[in-house]
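The structure under discussion appears below in the form of structure tokens.
The values are calculated or read from the model by the stated rules, or taken from the named source; none is laboratory data. Bear in mind that the values here come from a model prediction, so they are computed numbers and not experimental data. All Cβ positions, even for glycine, are placed from backbone atoms using ideal geometry, and neighbour counts span all protein chains on display. SASA here: full protein model, heavy atoms, side chains in, ligands and nucleic acids out. Shrake-Rupley method; radii C 1.70, N 1.55, O 1.52, S 1.80 Å.
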Amino acid sequence: MLLAALTFCFGASIANYLGKPFRADSFWLGLAGVVFAQMSMALLSEVFRLDAEPLTENETRRDRSVVRNNALYVSIASITANVVIVFILYNNRHLSPASFSFVLLSLVFILAYSLPPFRNRGFGEFLLASQLAYVIPSIAYLLQADQTHRLLILLIPLTFLAFAYFIVLDFPSFASDSKYNRATLLTRLGWERVVPLHHVFVLFAYIFFALSPALGIPLALIWPAFLTLPFALFQIFQLRGISMGAPANWILLTVTSLAVFGLTTYLLTLTFWLR
């Protein structure tokens with residue numbers, strides 16, 4: 001949810017850079033909406049977790065039922081709160097057709113990530129990355145500006161960095177995912193294919209940033225993203241070493257991948273807000 005708030009601020013910062021009048025009500029309502037959306041996305045998937053997968057350690061049938069019901073109630077409340085927020089934004093004439101379409105897309109991603117049979121297809125990482133790094137900042141921007149802009153193309157490399165982050169999160173839980181037959185990108189494709197794919201996603205993100213001036217985006221806006229390049233190369237180095245048999249330091253790898261995505265988003269957000 002913190003990452004969702006960060007990417008939401010990035011979308012709003014683009015509108016601020018373009019000189020759009022700041023709509024405080026749209027910003028705070030939209031921020032609350034995306035936090036509720038992430039909450040429902042996380043909890044609703046637990047409601048439909050397979051019976052063979054424990055929700056808590058040494059759980060009883062009653063414990064599982066209580067946890068599942070609570071998650072369902074909170075998910076329903078979060079989705080209901082989002083509906084109310086959308087109605088308020090519409091009533092205040094701050095919900096353009098473009099922003100409404102992204103809100104619907106967010107709902108589709110939540111349901112596809114959480115509900116069977118879609119959640120068992122192994123595309124959860126793609127849905128999470130797209131929701132976090134593309135849909136949420138797009139909603140934030142459109143709530144301020146109503147129409148899309150070419151600067152939103154910067155969300156593409158951020159989505160690839162988010163995808164790489166969620167791929168990294170699959171590795172520490174690979175053994176339990178295989179045991180309980182959980183469908184993740186790693187269990188579907190195998191580490192031999194996923195590791196090179198991870199490297200391609202990370203490198204492509206920075207290549208995209210480097211080519212941004214050719215797309216009409218000033219280098220002065222995106223150069224802070226390259227401050228995280230050493231961390232990204234270290235991330236690739238770590239995962240490559242693990243795939244070749246080196247001892248795994250999952251905490252360090254996870255923190256590095258989180259820093260690459262989070263710091264890149266934060267630095268770009270700060271740059272757009274200050275200019």
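Things to note:
- Residue match in the stretch 236-252 (condition: within 23 Å of Cys9 (Cβ to Cβ) and at pLDDT 85 or above): no
- Applying the condition of being open to solvent by less than 60 Å² (accessible area, probe 1.4 Å) and assigned to a helix (DSSP H, G or I) to the stretch 114-124 and asking which residue is modelled with the lowest pLDDT yields Asn120.
- Among residues of the stretch 198-219, those that are under 15 Å from Thr159 (Cβ atoms) and not β-branched (Val, Ile, Thr), counted: 9
- Taking (1) touching a Gly at 6+ places or on another chain (Cβ under 8 Å); (2) open to solvent by 60 Å² or more (accessible area, probe 1.4 Å); (3) not hydroxyl-bearing (Ser, Thr, Tyr) in turn, Pro196 satisfies each apart from (1).
- Residues considered: Leu258, Leu219. Of these, the only one that is at pLDDT 90 or above and closer than 24 Å to Cys9 by Cα is Leu258.
- Sole residue being closer than 22 Å to Leu3 by Cβ and either among the hydroxyl-bearing types (Ser, Thr, Tyr) or surrounded by 15 or more Cβ atoms within 10 Å (Cβ to Cβ) (or both), chosen from Leu127, Leu95, Leu89: Leu127
- Residue within the stretch 226-239 that is over 22 Å from Phe166 (Cβ atoms), in contact (Cβ under 8 Å) with a residue 40 or more places away in the chain and open to solvent by 80 Å² or more (accessible area, probe 1.4 Å) present: yes
- Listed by position, the helices (runs of 4 or more DSSP H) enclosed by the stretch 132-226 that each have at least 1 residues that are within 18 Å of Trp250 (Cβ to Cβ) are 155-170, 174-179, 185-189, 191-211.
- Tally, over the stretch 202-225, of residues that are touching a residue at least 60 places away in the same chain (Cβ under 8 Å) and of a type in the set (Val, Ile, Thr): 2
- Subset tally (residues that are under 24 Å from Phe166 (Cβ atoms), in a helix (DSSP H, G or I) and open to solvent by 10 Å² or more (accessible area, probe 1.4 Å)) for the stretch 1-31: 6
- The stretch 1-35, residues that are among the aromatic types (Phe, Trp, Tyr) and under 25 Å from Ile110 (Cα atoms): Phe8, Phe10, Phe27, Trp28
- Residue within the stretch 68-78 that is touching a residue at least 40 places away in the same chain (Cβ under 8 Å) and either open to solvent by less than 50 Å² (accessible area, probe 1.4 Å) or within 16 Å of the chain's Cα centre (by Cα) (or both) present: yes
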